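Since the structure comes first, as structure tokens, the remarks are kept for the end.
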Amino acid sequence: SEQISICDLSEDPLFLPIMSSRKILLATETAFAVEAVGKIGQACKAAGYELHKLENYRSQVDLHEAVADADAMTIRSDVVDKAVLDKAAKLKIVVRAGAGFDNIDLTACTERRIVAMNTPGQNANAVAELVFGMMLRSARNNYDGTSGFELENRELALYGFGAVARAVHKLAQAFSMRTFAYDPFISREAIEAAGATPVASIPELFTHQYVSLHVPLTTETNESINKSLLLKMPRGGTLINTARHEVVHEGEILEVFQERPHFCYLSDVCPKNADAIKNLLGDSYMKRAIFTKK
């Protein structure tokens, strides 16, 4: 059989000699929790790798400089485009801590034989708790002392029924909420087995008070959550977006706020027209519209 020497393998950019010290770059515009960073550091040390951190950076130039001699890189929602990859002469792999690849240029990675990976489901519970944190804050009027309402027996519809949506569904059950779900890639039987009620179409989701988005950014989902869907929602209708801000038509969201005085939008990504929404809502901002900082 053919013999392959270590020297031959070392010419492959994906080959990482076990005994060689490698630089692992942790690049995050918004830093991970201290505990998480500590665990990453321990794992790198155990593997004999050097962990370098670029946290809370404000310029792509900082990322370009830091990645220049990195063998591997871990990111969150940080953008890894062709310009970044062109500066990464030694990079073998980039891992996104989260779901989706929309912030990574996969074509450029393929051209440079750089592996791109993600970690779907790993932060599902954290996102689910954020969903309910925003829901409670909105339901209680940002805790301003006025009367709010309880979540018990309210209806929550889930667009997508992957790991995060299932975690949200689990918490909803603890709140005695009624849950509904639509996912074209998951059977009705699987949704029913999990304890949610399947619906037949996307528009049907918007007949319920709460709609929580758990879909990737694709050609089909880009700006797909529009005015015509949102106007189907009942009084007090609330859209929750912990997916991608691009799946929501932000211009039409502003129109819905103008036409529906009880509509709410809760998102963990601040929309580009947040200032216009804030000016429109006045004292109702952070009650009817809640946007977390990244």
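Against the numbered list (1) under 21 Å from Phe149 (Cβ atoms); (2) in contact (Cβ under 8 Å) with a residue 60 or more places away in the chain; (3) surrounded by fewer than 16 Cβ atoms within 10 Å (Cβ to Cβ), Asp283 comes up short only at (2).
Residues checked against (1) open to solvent by less than 20 Å² (accessible area, probe 1.4 Å); (2) in a strand (DSSP E or B); (3) touching a Leu at 6+ places or on another chain (Cβ under 8 Å):
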{"position": "Glu223", "(1), (2), (3)": "no, no, no"}
{"position": "Met233", "(1), (2), (3)": "yes, no, yes"}
{"position": "Glu246", "(1), (2), (3)": "no, no, yes"}
{"position": "Ile253", "(1), (2), (3)": "yes, no, yes"}
{"position": "Gln258", "(1), (2), (3)": "no, no, yes"}
{"position": "Tyr265", "(1), (2), (3)": "yes, yes, yes"}
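Residues that are more than 24 Å from Ala157 (Cβ to Cβ), part of a loop (DSSP other than H, G, I, E, B) and of a type in the set (D, E, K, R) were ranked within region 267-294; the one that is farthest from the chain's Cα centre (by Cα) is Lys272. Residues in region 66-90 that are out of contact with any helix residue (DSSP H, G or I) (no Cβ under 8 Å at 6 or more places or on another chain), open to solvent by 60 Å² or more (accessible area, probe 1.4 Å) and under 27 Å from Val269 (Cα atoms): Arg76, Ser77. When region 103-130 is filtered for residues that are part of a helix (DSSP H, G or I) and either open to solvent by 20 Å² or more (accessible area, probe 1.4 Å) or under 17 Å from Gly236 (Cβ atoms) (or both), the ones remaining, listed by number, are Leu106, Thr107, Thr110, Glu111, Asn125, Ala126, Val127, Glu129, Leu130. Return the residues of region 153-182 that are without any contact (Cβ under 8 Å) to a residue 40 or more places away in the chain, part of a helix (DSSP H, G or I), open to solvent by 50 Å² or more (accessible area, probe 1.4 Å) and under 15 Å from Ala193 (Cα atoms); say none if nothing qualifies. The one that is without any contact (Cβ under 8 Å) to a residue 40 or more places away in the chain, part of a helix (DSSP H, G or I), open to solvent by 50 Å² or more (accessible area, probe 1.4 Å) and under 15 Å from Ala193 (Cα atoms): Gln173. Residues of region 88-111 that are in contact (Cβ under 8 Å) with a residue 40 or more places away in the chain and out of contact with any strand residue (DSSP E or B) (no Cβ under 9 Å at 6 or more places or on another chain): Asp102 alone.
Scanning region 26-65 for residues that are open to solvent by 50 Å² or more (accessible area, probe 1.4 Å), closer than 25 Å to Arg244 by Cα and in a loop (DSSP other than H, G, I, E, B) turns up Glu29, Thr30, Ala33, Asn56, Arg58.
Ser187 fulfils the conditions (1) within 13 Å of Leu266 (Cβ to Cβ); (2) open to solvent by 40 Å² or more (accessible area, probe 1.4 Å); (3) of a type in the set (Ser, Thr, Tyr) except for a single criterion, (1). Evaluation of Glu192 against the conditions (1) in contact (Cβ under 8 Å) with a residue 40 or more places away in the chain; (2) open to solvent by 50 Å² or more (accessible area, probe 1.4 Å) shows that the sole unmet condition is (1).
The values are calculated or read from the model by the stated rules, or taken from the named source; none is laboratory data. Quick caveat, the model's predicted, so the values are computed rather than measured. In this analysis, Cβ positions are derived from the backbone assuming ideal geometry, glycine residues included, and neighbour counts consider all displayed protein chains. Heavy atoms of the whole protein, side chains included, go into the accessibility calculation; ligands, DNA and RNA do not. Shrake-Rupley method; radii C 1.70, N 1.55, O 1.52, S 1.80 Å.
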